[in-house]
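Asks: Quick one: the structure is below, questions incoming.
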Amino acid sequence: MIRALAIFLFLFSTQAVAVNVLLVHSYHKENEWDNSFAAVIKNQLDSKANLYQFELDTKRIDEGLYAQQAQKALEFYHEVKPLIVILSDDNAFDYMMPLLQDQDISIVFMGVNKNPRKALSDHTGLARVTGVLERPLLVRNIIEMSHVIGKEPFLVKVMLDGGATAKIIEKDLRESCKHFHGKIMLDIVHHDTFSGWKEEVLSSSSYDAIFLGLYQRVKDNNQPVSEKEVMQWTNLNAPKPLFGFWDFTVGKGRAAGGLVVSGPEQGMRAVSYVNRIIAGESALYLPLVYGGQGKHVCSLSEFARWRMEVPEHCLLSE
């Protein structure tokens, strides 16, 4: 009897200190970006925490369904009753913050490209909010790769889908063009259809390089095309070298290189904040941080294919 009571009290105490954490994805777990940071969060999360995940799936569904998905996420939130919610990327931040801001919880956002300070400046709800900003190194990346190609002016085509993050990136790029002083010429194009994407790639022979921004919303006959298929086709058919802004775009059969940001690094910074909150710190006193300084990554096989010299400072991939 005593032994049974001891076991019961142990189990009760263990459950009492358990913390439910909800990770709301803007996209879906098969997305390479989401998969990379989610794995880090799962592996590094405090052992006292239970991790639940919800996918808004906004790369594959129509924009008119985003609000409906957010309501489903809210229903799941009420089922799970988490003390901490992680909002990954811009769509989760935009659609879930208004729904959660009056809850007595901690919110840690990550992968947000827009400036959230304006949204948070008007925040008067109960939720305690902090997070990790994502800043693709757009200008530095393009300048670094212009040195690799060694041409001036450097003619670049930046390819993007039509999603919300793509529009933020385009705005940042256009505002940054003044830093190029005519030495770099940019064309920024958007395509949501695979046929339009293919035509754009094939018509790029007059450029010195193609930068792959975002392509996860590309569709064929209104059906999502897998990002791997888009990448594979683009790599095989691009008339000029490909470069990327994110680490998952670089490698054999992908982009040749870039000064890239990392999903795992975003995940590591976000989960460190979650663990500190579980340990007793308040999100109110955890400052907004940037998700890393980026890293130079070069694919040996792709550099060889395009007969480019690999910079000494590059981290090498296959």
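Asks: Taking a quarter of the surface of the convex hull around the Cα atoms of the stretch 216-318, what do you get in nm²?
Replies: The number I arrive at for the stretch 216-318 is 9.3 nm².
Asks: Let me ask something else. Between the helical axis of 89-100 and the dominant principal axis of the chain, each derived from Cα atoms, what acute angle in degrees is found, rounded to the nearest 10?
Replies: 30
Asks: Mind pulling the angle between the C-alpha long axis of helix 2-17 and the longest principal axis of the chain? Nearest 10 degrees, somewhere in 0 to 90.
Replies: That works out to roughly 40 degrees.
Asks: Give me, ordered by chain and number, the residues 5 or more places off N113 or on other chains with an amide H under 5 Å from its own placed amide H.
Replies: D90, E134
Asks: Here is a further query. Quick one: which residues, 5 or more positions from S317 or on another chain, have an amide H under 5 Å from its amide H? H modelled 1.01 Å from N in the peptide plane, none for Pro or chain starts.
Replies: Close amide H contacts, sequence-distant or interchain: C298, S299, L300.
Asks: With +1 on the Cβ of every Lys and Arg and -1 on the Cβ of every Asp and Glu, and nothing else charged, how large is the dipole of the stretch 19-117 about its Cα centre, in debye rounded to the nearest 20?
Replies: Result for the stretch 19-117 is approximately 260 debye, rounded to the nearest 20.
Asks: If you don't mind, another one. Could you work out how much longer the chain between W233 and D192 gets when fully extended? Use 0.36 nm per residue separation minus the Cα distance between them, nm to one decimal.
Replies: 13.2 nm
Asks: Please find, in a Gaussian network model of the chain (springs between Cα atoms separated by less than 10 Å), the residue of N221, N115, N35 whose mean-square fluctuation is greatest.
Replies: N221
Asks: Something else now. Would you kindly calculate the translational diffusion coefficient of the chain, applying Stokes-Einstein with the Kirkwood radius from alpha carbon pairs, for 10 °C and a viscosity of 1.306 mPa s, and quote it in µm² s⁻¹ without decimals?
Replies: 76
Asks: I need the peptides 127-136, 63-72 ranked by packing, meaning the mean over residues of other C-beta atoms within 10 angstrom, with the highest value on top.
Replies: Top to bottom by mean Cβ count within 10 Å: 127-136, 63-72.
Asks: Note down the net charge around S206, summing +1 for each Lys or Arg and -1 for each Asp or Glu among other residues with Cβ under 11 Å from its Cβ.
Replies: Its environment carries a net charge of 0.
Asks: Continuing with the same structure: Pick out, in residue order, every one of the GluC sites (Glu not before Pro) in the stretch 241-313 that is DSSP loop and has at most 15 other C-beta atoms within 10 Å; say none if there are none.
Replies: Sparse-neighbourhood loop GluC sites (Glu not before Pro): E281, E309, E312.
Asks: Quote to one decimal, in nm, the extra length available between D220 and N50 on full extension: 0.36 nm per residue of separation minus the C-alpha distance between them.
Replies: 57.4 nm
Asks: I've got another one for you. What is the calculated FRET efficiency for K29 to F76, with r their C-beta to C-beta distance and R₀ = 22 Å, to the nearest 0.05?
Replies: Calculated value: 0.90.
Asks: Taking the Cα centre of the chain as the origin, how large is its charge dipole in debye, to the nearest 20, when only Lys and Arg (+1) and Asp and Glu (-1) carry charge on their Cβ atoms?
Replies: 520
Asks: Pop out the ³J(HN,Hα) list for the stretch 20-25 in order, Karplus 6.51 cos²θ - 1.76 cosθ + 1.60 with θ = phi - 60°, rounded to Hz; leave Gly and Pro as x.
Replies: 8, 10, 10, 9, 9, 7
Asks: Continuing with the same structure: Give the accessible surface of the chain per residue, rounded to a whole number of Å², with probe radius 1.4 Å and ligands, DNA and RNA excluded.
Replies: Accessible area per residue: 48 Å².
Asks: I've got another one for you. Where does the charge balance sit around V274 when Lys and Arg score +1, Asp and Glu -1, over other residues with C-beta under 14 Å from its C-beta?
Replies: Once positives and negatives cancel, what remains is +3.
The values are calculated or read from the model by the stated rules, or taken from the named source; none is laboratory data. A quick note: this is a predicted structure, and the numbers were derived from the prediction, not measured. Neighbour counts are summed over all protein chains in view; Cβ atoms, including those assigned to glycine, are modelled from backbone coordinates with ideal geometry. Heads up: the accessible areas ignore ligands, DNA and RNA and are worked out on the full protein's heavy atoms, side chains in. Shrake-Rupley method; radii C 1.70, N 1.55, O 1.52, S 1.80 Å.
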